[in-house]
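Report on the following structure.
Bear in mind that the values in this text are calculations on the coordinates, not laboratory data. All of these numbers come straight from a predicted model, not from anything done at the bench. Note that each Cβ is placed from the backbone with ideal geometry, even for glycine, and that neighbours are counted across all protein chains shown.
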Amino acid sequence: MTPGATGAVPIDAQRLTSVVADIFTACGIAAADAQIVAADLVAADLEGIASHGVMLVPMYVERIKKGSVSRRSAGEVVSDRAGAIIIDAGNALGQLTSRQAVKLVVARAREIGLASVAVRNGFHFGTAGRYARMMAQENCVGIVLSNTRPLMPAPGGAEAIAGNNPIAIALPSTGSFPVEADMALSATAMGKIRLAAAAGERIPEDWAVDAQGQPTSDPAAAIKGMLLPAAGPKGFSLAFVIDLLCGGLSGGALGAEVRPLYGDAAEPYRCSHFFLAVHVGHFQPGDQFAGRVRDQAMRASRSKRPAGVERVYAPGELVWATRQASGGVCRLDQATVQSLLDTATRLGLADSESSLLAAKGA
């Protein structure tokens, strides 16, 4: 059973988006920006990725209030050299500066074939796959990387060296669903461990180690300890180089220079991102490439299954299918719902609190 799934509360996604947008607006975020961030967080819940969903709202709010997240709508382009652009995000909300980066990188790739944007002084941007898909929708292969504070030891080690740095790659496709790979490079996301802790549940022992480097099923000990890399040395090595690509190319924070997301809310997070767009039209005419992507995805979906396996999914298909099956309803754990209610109350949003309660049971 997925941690946090017990006692899930159904919430209408449109009403939830409105409530979350109201919360951000009450913190001084421009209304249009608040709507974008809220919609992205709710989308993660609709896609079954609760660790990147509205459970993050109280932490975002605290950081905005304490000044480590700015109220800016965009970052500053500090370097622009053909296919290499650098943005200083100025600690703005990651969903906003990432859209800025996607717009710039797609326009430049359309012009010259391939382009990249490195972002420094950034903040949490949600799911990396969302931005890779945005590029794929513009006939680009989209690649998105980000770094975090060190959370994983080198294989056999007992000191956090690399973050659970995500990588997402999305491809243009003429099929019904986006074709993408989107993963953090730890065995699981820290957000899932926090969900388990909030729900009072244990975690698998191959997810994390405690502060002494020993395997643990206690989420509280895991939060104080370290995540384990996916696929051992393979996951660690890839996470290690992603950190350098993001922080190194942007001139931003590397390793422990990236601060804990749930640490001192007055201290900027300082993560770095990297966006790469390869415009397919410079390689293959028309929809030729996108058609081949569709065909390969269909081949995976329709591949032979052993007895007892109901369905096989191509990369990106499960997230798409989860959202399609949601019916526009998010299923949140009780702790997340309560944290949203508490946050709305602290901000004096009685109407938003009523709206969220009315949306329950949708």
Please compute the modelled spin-label separation between residue 312 and residue 8, points set 7 Å along Cα→Cβ, answer in nm with one decimal. 2.6
Between residue 161 and residues 5 or more places away or on another chain, the pairs with built amide H atoms under 5 Å apart involve 151, 152, 154
Quick one: in the range 150-208, what % of C-alpha pairs are over 18 Å apart? 52
At 7 Å along the Cα-to-beta-carbon direction for both residue 174 and residue 103, put a label point, then send me their distance in nm to one decimal. 3.1
Could you give me the percent of Cα pairs per 5 Å distance bin for the range 1-139, shortest bin first, beginning at zero and ending with the bin that holds the maximum distance? 2, 10, 19, 20, 19, 14, 10, 6, 2, 1, 0
Residue-ordered couplings for the range 60-70, obtained by feeding phi - 60° into the Karplus form 6.51 cos²θ - 1.76 cosθ + 1.60 and rounding to whole Hz (Gly and Pro as x), are 4, 4, 4, 5, 4, 4, 8, x, 7, 10, 7
What shape does the range 210-264 have by the C-alpha gyration tensor, where a ≥ b ≥ c are the square roots of the eigenvalues, rounded means a/c under 1.5, and otherwise prolate means a/b greater than b/c and oblate the rest? oblate
Let me know the shape class of the range 146-283, please: from the alpha-carbon gyration tensor, a ≥ b ≥ c as square roots of the eigenvalues, rounded when a/c is under 1.5, otherwise prolate if a/b is greater than b/c, or oblate. prolate
Mind scanning 103/234; 65/234; 103/304; 66/192 and naming the pairs with a C-alpha gap bigger than 29 Å? 103/234; 65/234; 103/304
Residue-normalised 222 nm signal for the chain, counting each DSSP H run of n ≥ 4 as -39,500 (n - 2.57), nearest 500 deg cm²/dmol, is -12000 deg cm²/dmol
I'd like the Karplus ³J(HN,Hα) series for the range 118-123: coefficients 6.51, -1.76, 1.60, θ = phi - 60°, whole numbers in Hz, and an x wherever there's a Gly or Pro. 9, 10, 10, 6, x, 10
Any residue on another chain or 5+ positions along whose placed amide H is under 5 Å from the amide H of residue 332 is listed here as 9, 11
Computed FRET efficiency, Cβ-Cβ of residue 334 and residue 220, R0 22 Å: what is it to the nearest 0.05? 0.75
Karplus-derived 3J(HN,Hα), 6.51/-1.76/1.60, for each residue of the range 268-278, Hz, glycine and proline x: x, 5, 6, 6, 10, 10, 9, 10, 10, 10, 10
Placed amide H near residue 92: partners under 5 Å, 5+ positions off or other chain: 70
Residue 257/residue 111 FRET efficiency (R0 25 Å; Cβ-Cβ; nearest 0.05): 0.15
A student applying the Cα gyration tensor rule (rounded when a/c is under 1.5; otherwise prolate if a/b is larger than b/c, oblate if not) would label the range 243-362 oblate
